[in-house]
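Colleague: Input: one structure, supplied below.
The values are calculated or read from the model by the stated rules, or taken from the named source; none is laboratory data. Computed from a prediction, not measured in an experiment: that's the story for all the values here. Because the Cβ atoms are built from the backbone with ideal geometry, glycine has one as well, and the counts that use them run over all protein chains shown. Accessible surface is based on the protein model in full, side chains and every heavy atom, while ligands, DNA and RNA are left aside. Shrake-Rupley method; radii C 1.70, N 1.55, O 1.52, S 1.80 Å.
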Amino acid sequence: MGSWRRRASFVAVAVLAVAGVPASAQAEQASNLEQSVVQTMLGERATSSAALAAQGRSAEVDVQRKDAAGSWAFGAATLTAYSVEGAAPDASLFVAHRTGRNWQIALDTSPGFAGLIQSSPESVVSAGEKQTFAANARNAAAPLGLSLPYPPGVSWTMIGGVHGWSGQPRPWSSVDLNGGDRRVLAAQSGRAYWMCNNGGHIRIIHDNGWTTEYYHLLDEIKPNGEPIKMGDYLGMTSTRIPCGGSAGSNHVHFALKQGNSWVALNGKTIGGWTFYEGSRAYSGYATHQTVRRNVGQALQNYGPDDPGH
Ligand SMILES: [Zn+2]
């Protein structure tokens, strides 16, 4: 795995302002890559740098790896969150291939991602990661086989019921949890990625087609695609908003994706609890057999294999 790492963070309008004024050939190449990633992300989200700036948000690109020839790259890109309640960053992994001066960019939400990942040299994307991405891209299996993100047998409080990754917008894929020693643990094995330039956000891609996301982490690990086991430490619950958003009290914003798409938690069972949405975001409840727990109540973690009902 290449150790080449470069981070860039800029208000989106500044990206356009610096275009075409490289300090050197090397800077030109790197700068083009980062700008290409940002432009791809803005384009696929049907937004603009001006709209982003007007919202007080920024685009950040973390080029985590490059091959020796400088023609392949891999990393994470983030549009930081609005500063409104419940908002969370919009983060993607990307793979990039340069032909001449032009970078071809595939975000993990782009149709071409799987193909470009498989074509990339193993100095940029390891054989193990290629397997994980391919397995994750196949249809997700039911049941989920996920634990809650804390130790089995331990109870944490559901401080926020089912809601969207960014609060109100559907699908309501997320739940807010806090308790115990605040140590957030991996909900299942997979490969872990550190998503935001400023930290606090970890993604785990599971082989069974599901993906879990964790935000507001403090003292988090900084994984770069390494394998991770269920129960491994990820970070502490906190009120950190390193990539924007809001957090009124310590918690982990824990969310579910099928592959790269957010999915509603309504009716899904994790750690033995089947989650149900309420009439509005952050309300709702969870059930285990005949037990019902509302927001503000404790959920004992029954582990990944409990059918819940
Ligand atoms: Zn949340």
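Colleague: Assign one of three labels to segment 150-309, namely rounded, prolate or oblate, based on the Cα gyration tensor with a ≥ b ≥ c the square roots of its eigenvalues; rounded applies when a/c is under 1.5, prolate when it is not and a/b is larger than b/c, and oblate otherwise. Please report the intermediate quantities before stating the final value.
Modeller: Numbers: a/c = 1.41, a/b = 1.26, b/c = 1.12.
Rounded, since a/c falls under 1.5.
Colleague: Viscosity 1.567 mPa s, temperature 4 °C: what is the translational diffusion coefficient of segment 53-127 from Stokes-Einstein with a Kirkwood Rh over Cα pairs, rounded to a whole number of µm²/s? Before the final figure, lay out the partial values.
Modeller: Details: Rh = 13.5 Å.
Using the Kirkwood radius from Cα pairs, D works out to 96 µm²/s.
Colleague: Okay, next question. Can you compute the modelled spin-label distance between Ser126 and Ser83, with each label point 7 Å from Cα toward Cβ, in nm?
Modeller: Result for the modelled spin labels: 3.9 nm.
Colleague: For the residue pair Ala134 and Thr109, what label-to-label distance in nm results when each label sits 7 Å from Cα along the Cα-to-beta-carbon direction?
Modeller: With each label point 7 Å from Cα toward Cβ, the separation is 2.7 nm.
Colleague: In square angstrom, rounded to the nearest 10, how much accessible surface does Ser166 have for a 1.4 Å probe?
Modeller: We get 40 Å² for Ser166.
Colleague: Per residue of segment 108-125, what does 6.51 cos²θ - 1.76 cosθ + 1.60 with θ = phi - 60° give for ³J(HN,Hα)? Whole Hz please, x for Gly and Pro, Karplus curve as stated.
Modeller: Per-residue couplings from phi come out as 5, 8, 8, x, x, 4, 4, x, 5, 4, 5, 7, 6, x, 6, 6, 10, 10 Hz.
Colleague: While we're on this one: Restricting to lysines 8 or more places apart or on different chains, can you count the pairs in the chain with Cα atoms under 21 Å from each other?
Modeller: Details: Lys66/Lys130; Lys66/Lys222; Lys130/Lys222; Lys130/Lys229; Lys130/Lys257; Lys222/Lys257; Lys229/Lys257; Lys257/Lys268.
Final tally of qualifying lysine pairs is 8.
Colleague: Shifting gears a bit: Could you work out the Kirkwood radius for the chain, taking every pair of different alpha carbons, averaging 1/r and inverting it, reported in Å? Working shown, then result.
Modeller: Working: mean 1/r = 0.0508 Å⁻¹.
Final number for the Kirkwood radius of the chain is 19.7 Å.
Colleague: Given a 1.4 Å probe and heavy atoms of the protein chains only, how would you sort Met230, Met195, largest accessible area at the top? Don't skip to the answer; put the middle values down first.
Modeller: Working: Met230 85, Met195 0 Å².
So the residues, ranked largest to smallest area, are Met230, Met195.
Colleague: Can you find, among Tyr282, Ala186, Ile221, the residue farthest towards the positive end of the dipole of segment 155-300? Put +1 on the C-beta of Lys and Arg, -1 on that of Asp and Glu.
Modeller: Projecting each Cα onto the dipole axis, the largest value belongs to Tyr282.
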